[in-house]
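Here is the structure we will look at, set down as structure tokens.
The values are calculated or read from the model by the stated rules, or taken from the named source; none is laboratory data. None of these values were measured; they are calculated from a predicted model. Reconstructed Cβ throughout: ideal geometry from the backbone, glycine too, with neighbour counts over all protein chains shown.
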Amino acid sequence: MAEIQEKPHTVELFTEVAPKYEFLNSIMTAGMDRSWRKTLLKISEAALGQTPKDILDLATGTGDVPRMMAEKWPRAKITGTDPTVAMLDVARKRKSSIVWQEGVAEKIAFPDESLDLITIAFGFRNVAEASRLKAAQEAFRVLRPGGVFSILELGLPARNPWRKSYSFLLRFGMPNFAGLFSPKDPYKYLSQSILDFPPPENIRRMLSKAGFVPFAPRPLSLGMTWLYVGKKSPHKNQD
Ligand SMILES: C[S@@+](CC[C@H](N)C(=O)[O-])C[C@H]1O[C@@H](n2cnc3c(N)ncnc32)[C@H](O)[C@@H]1O
């Protein structure tokens, strides 16, 4: 089994980009990141079949997802975790009832069957490839029966010409554009990590291997982003 890194290799990189992260995210996705997160919440709630009460957002970064959740589900108890303190520091600057904690996706500091929704937005590809199954298994462990694990992740459109043009943009456009406002190297890594991310079917299979009943991966904005949802069976001991 892969060793769990308490301080992932990307912590330094996200410490560098933290001050400009939200600004760059929003302009580089032409504001679509907000609508993708909205879809994440809507589909997760539908998959759960009720309003979530106990929620964990992994790789929460500067906290965009939990803040949106707190608006949509004001009675929910929401925790956001991330291994990069500089990202959490930005999240903590805004007043909210959200609990912010340091933590990695591969080792979730919650008891078994204590949550009903776990999300991770644009963070799963930062989990080392060898540890992604472990992260999904951890989500499975801490979810109650019937709970939902949702992964929102940047990816590539399934078809050409979109796939080719978007890959070109990622390889050359994104690092050069981001480099005008922020250090360029982290964005080179971020682009490459999107190009290297496994195809949707592999993520669906991984969710299944972790114990979830996976939904069909859902492309958003032609596949620039994908939503993967797995549901833990509501029945215990169902093989
Ligand atoms: C692109 S940001 C996403 C932030 C936020 N979720 C959003 O919607 O904008 C990716 C985050 O993943 C975090 N990260 C890196 N490795 C991680 C790991 N192994 N487990 C959990 N989070 C990790 C980074 O610290 C970073 O804040």
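If we keep just the residues of region 86-119 that are of a type in the set (A, V, I, L, M) and near the ligand (Cβ under 9 Å from one of its atoms), which is surrounded by the fewest Cβ atoms within 10 Å (Cβ to Cβ)? Please lay out each step first, then the result.
Pass one, region 86-119, residues of a type in the set (A, V, I, L, M): 86-88, 90-91, 98-99, 104-105, 108-109, 115, 117-118.
Now restrict to residues that are near the ligand (Cβ under 9 Å from one of its atoms): 86-88, 104-105.
On the way: ALA86: 18, MET87: 24, LEU88: 22, VAL104: 25, ALA105: 27.
Result: ALA86.
Pick from region 51-79 the residues that are of a type in the set (A, V, I, L, M) and outside any strand (DSSP E or B): which of them is farthest from the ligand (Cβ to nearest atom)? Walk me through how you get there before you give the answer.
If we filter region 51-79 for residues that are of a type in the set (A, V, I, L, M), which is where we start, we get 55-56, 58-59, 65, 68-70, 76, 78.
Remaining after also requiring outside any strand (DSSP E or B): 59, 65, 68-70, 76.
Working: ALA59: 3, VAL65: 5, MET68: 9, MET69: 11, ALA70: 14, ALA76: 17 Å.
Ranking the candidates gives ALA76 first.
Does LYS77 fit the bill of being farther than 30 Å from LEU170 by Cβ, of a type in the set (D, E, K, R), surrounded by fewer than 22 Cβ atoms within 10 Å (Cβ to Cβ) and at pLDDT below 90?
no
Residue check: is VAL65 of a type in the set (Val, Ile, Thr), touching a Lys or Arg at 6+ places or on another chain (Cβ under 7 Å) and in contact (Cβ under 8 Å) with a residue 24 or more places away in the chain? Let's see the steps before the verdict.
Values: of a type in the set (Val, Ile, Thr): yes; touching a Lys or Arg at 6+ places or on another chain (Cβ under 7 Å): yes; in contact (Cβ under 8 Å) with a residue 24 or more places away in the chain: yes.
Yes; evaluated as a whole, the condition is true for this residue.
Rundown of residues vs (1) more than 26 Å from GLY63 (Cβ to Cβ); (2) without any contact (Cβ under 8 Å) to a residue 60 or more places away in the chain; (3) among the β-branched types (Val, Ile, Thr), yes/no style:
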site	(1), (2), (3)
LYS107	no, no, no
ALA128	no, no, no
ARG132	no, no, no
ALA135	no, no, no
ARG141	no, yes, no
GLY147	no, no, no
SER182	no, no, no
PRO186	no, no, no
PRO200	yes, yes, no
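Within region 12-45, which residues are among the aliphatic types (A, V, I, L, M) and assigned to a helix (DSSP H, G or I)? So that I can check it myself, show each step before the final result.
Step one: filter region 12-45 for residues among the aliphatic types (A, V, I, L, M), giving 13, 17-18, 24, 27-28, 30, 32, 40-41, 43.
LEU13, VAL17, ALA18, LEU24, ILE27, MET28, MET32, LEU40, LEU41, ILE43 - these are the residues of region 12-45 that are among the aliphatic types (A, V, I, L, M) and assigned to a helix (DSSP H, G or I).
Looking at region 83-105, which of its residues are part of a strand (DSSP E or B) and either more than 22 Å from PHE197 (Cα to Cα) or without any contact (Cβ under 8 Å) to a residue 40 or more places away in the chain (or both)?
Quick first cut of region 83-105, residues part of a strand (DSSP E or B) only: 99-102, 104.
Scanning region 83-105 gives VAL99, TRP100, GLN101, GLU102.
Does LEU117 qualify as being touching a residue at least 40 places away in the same chain (Cβ under 8 Å), under 14 Å from the mean Cα position of the chain (by Cα) and outside any loop (DSSP other than H, G, I, E, B)? Outline the logic, then answer.
Values: touching a residue at least 40 places away in the same chain (Cβ under 8 Å): yes; under 14 Å from the mean Cα position of the chain (by Cα): yes; outside any loop (DSSP other than H, G, I, E, B): yes.
For LEU117, the condition - touching a residue at least 40 places away in the same chain (Cβ under 8 Å), under 14 Å from the mean Cα position of the chain (by Cα) and outside any loop (DSSP other than H, G, I, E, B) - is met.
Taking ALA47 as the residue in question, decide whether it is out of contact with any Phe, Trp or Tyr (no Cβ under 7 Å at 6 or more places or on another chain) and not charged (D, E, K, R). Quick ask: steps written out before the conclusion?
Values: out of contact with any Phe, Trp or Tyr (no Cβ under 7 Å at 6 or more places or on another chain): no; not charged (D, E, K, R): yes.
In short, no.
Conditions first: (1) crowded, with 16+ Cβ neighbours inside 10 Å; (2) on the phi > 0 side of the Ramachandran plot; (3) more than 16 Å from the ligand (Cβ to nearest atom). PHE122 passes all but one, so which condition is the exception?
(3)
Can you name every residue in region 23-59 that is more than 15 Å from the chain's Cα centre (by Cα) and more than 20 Å from ALA139 (Cβ to Cβ)?
PHE23, LEU24, SER26, ILE27, MET28, THR29, ALA30, GLY31, MET32
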